[in-house]
Amino acid sequence: MNSTTLAVAASKPVPAIVMQQQIKKDWEQLVNQITELAKKEDDCALNIGDLLHEIKDEWGNQFVQEAAKASGISMSVARQRLWVSSKIPKEHFLRDTHLTYGQLRLIAGTSDVDFWGKQALGNGWDLKQLKTAIEEAGDKKAQEDGHPCVQCAEALNDQQKIVAFTVQGEKRHRACSVKCAADYFFARSQEPQTATEDEDGPMSEKDFDLA
Ligand SMILES: [Zn+2]
């Protein structure tokens, strides 16, 4: 485009209402496309998991690793896909719902897949709401069951206000007080390798051992 056409285009401004309508249309179109692709992405993740599941059933874990290597996906991705597919297999009712792969992955990490699936659907929770609900239920149970404080190892109880936190990629940590939480973080900052594990059972696919 040369400078003359630019000048002509600039001299004929598009009416604001037309601009607004066009922006709205473009916006909706783009969002619809993204929604569709995200759905496909979810389907792909589940399908990959199902195929790995098939390989595991047929030939064992060793071949899951082989398949991951041969197809160029990382072991952590393979492990996660396989884990979700194992906990929520193809024929499971949650597969026919609008729940996203991210939501299914969270639900797969619970000890009661059906319960949390129904909760997510019934309450219309998004990913963040579902995550919070699962975490809070886990905290409550840990207090009732008297799990040890991550720092002082004293049994938690349901009368106290605990401090619970999740460090990326780790199981949830729970401290009996703000002081214990602060001490814990201080100790970790001095020695980064001291991550502890609680006994919640598998809360993430990292616990899903393929060996
Ligand atoms: Zn403590």
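How large are Rg and Dmax for the stretch 55-175 when calculated on the C-alpha trace, in angstrom?
Gyration radius and largest Cα-Cα distance of the stretch 55-175: 17.3, 53 Å.
For the stretch 117-199, what is one quarter of the convex hull surface built on the Cα atoms, given in nm²?
Value for the stretch 117-199: 6.1 nm².
Where does each of 157-168, 128-139, 107-118 land if you order them by average Cβ count within 10 Å, highest first? Please report the intermediate quantities before stating the final value.
Working: 157-168: 12.8, 128-139: 15.8, 107-118: 18.0.
Most protected by this proxy first, the peptides run 107-118, 128-139, 157-168.
Sum -39500 (n - 2.57) across every DSSP H segment of at least 4 residues in the chain, then divide by the residue count to get the 222 nm mean residue ellipticity, nearest 500.
Result for the chain, helices only: -20000 deg cm²/dmol.
Over the chain, what number does the Rg to Rh ratio reach, with both radii from the alpha-carbon atoms and Rh per Kirkwood?
Using Cα coordinates only, the ratio equals 1.16.
With unit charges on the beta carbon (Lys/Arg positive, Asp/Glu negative), name the residue among 21, 169, 80 whose Cα is farthest towards the positive pole of the charge dipole of the chain.
The residue sitting most towards the positive pole is 21.
With just the Cα atoms defining each centre, how far is the stretch 13-61 from the stretch 69-137? Give it in Å.
Going from one Cα centre to the other spans 18 Å.
How would you order 149-156, 180-187 from highest to lowest mean count of nearby Cβ atoms within 10 Å?
149-156, 180-187
Keeping every protein chain present and rolling a 1.4 Å probe, give me the accessible area per residue for the chain in Å².
Per residue, the chain has 67 Å² of solvent-accessible surface.
Can you figure out the FRET efficiency of residue 73 with residue 19, using R₀ = 25 Å and their beta-carbon distance, to the nearest 0.05? Don't skip to the end; give the middle numbers.
Numbers: r = 44 Å, r/R0 = 1.77.
The formula returns an efficiency of 0.05 here.
Which whole-number percent is the relative contact order of the chain (Cα, under 8 Å, 6+ apart)? It would help to have the intermediate numbers written out before the result.
Values: 183 pairs, mean separation 32.5, N = 211.
Reported relative contact order: 15 percent.
Quick check on the stretch 109-162: what are the equivalent-ellipsoid semi-axes from the Cα gyration tensor, as sqrt(5λ), descending, whole Å?
One finds semi-axes of 26, 11, 9 Å for the stretch 109-162.
Quick one: which residues, 5+ away or cross-chain, put their amide H under 5 Å from the amide H of residue 109? H built at 1.01 Å from N.
When sequence neighbours closer than 5 places are left aside, there are no close amide H contacts.
Using a 1.4 angstrom probe and counting only protein chains, how large is the accessible area of residue 147 in Å², to 10?
Number for this one is 40 Å².
Within the chain, what whole-number % of the accessible surface is contributed by carbon and sulfur, with the 1.4 Å probe and all protein chains included in the calculation? Please list the in-between numbers first.
Numbers: 7780 of 14040 Å².
The C+S portion of the solvent-accessible surface of the chain is 55 percent.
So what is the relative contact order of the stretch 97-180, in percent, for Cα pairs below 8 Å that sit 6 or more residues apart? Each step should come with its number before you reach the end.
Working: 77 pairs, mean separation 15.5, N = 84.
Over the stretch 97-180, the number comes to 18 percent.
What are the residues whose amide H is under 5 Å from the amide H of residue 164, where those residues sit 5 or more places off or on another chain and H is modelled from the backbone?
175
The values are calculated or read from the model by the stated rules, or taken from the named source; none is laboratory data. Just so you know, these numbers come straight off a predicted model, no measurement behind them. Glycine gets a Cβ as well: all are built from the backbone with ideal geometry, and neighbour counts include every protein chain shown. In case anyone asks, the SASA skips ligands and DNA or RNA and just uses the protein heavy atoms, side chains included. Shrake-Rupley method; radii C 1.70, N 1.55, O 1.52, S 1.80 Å.
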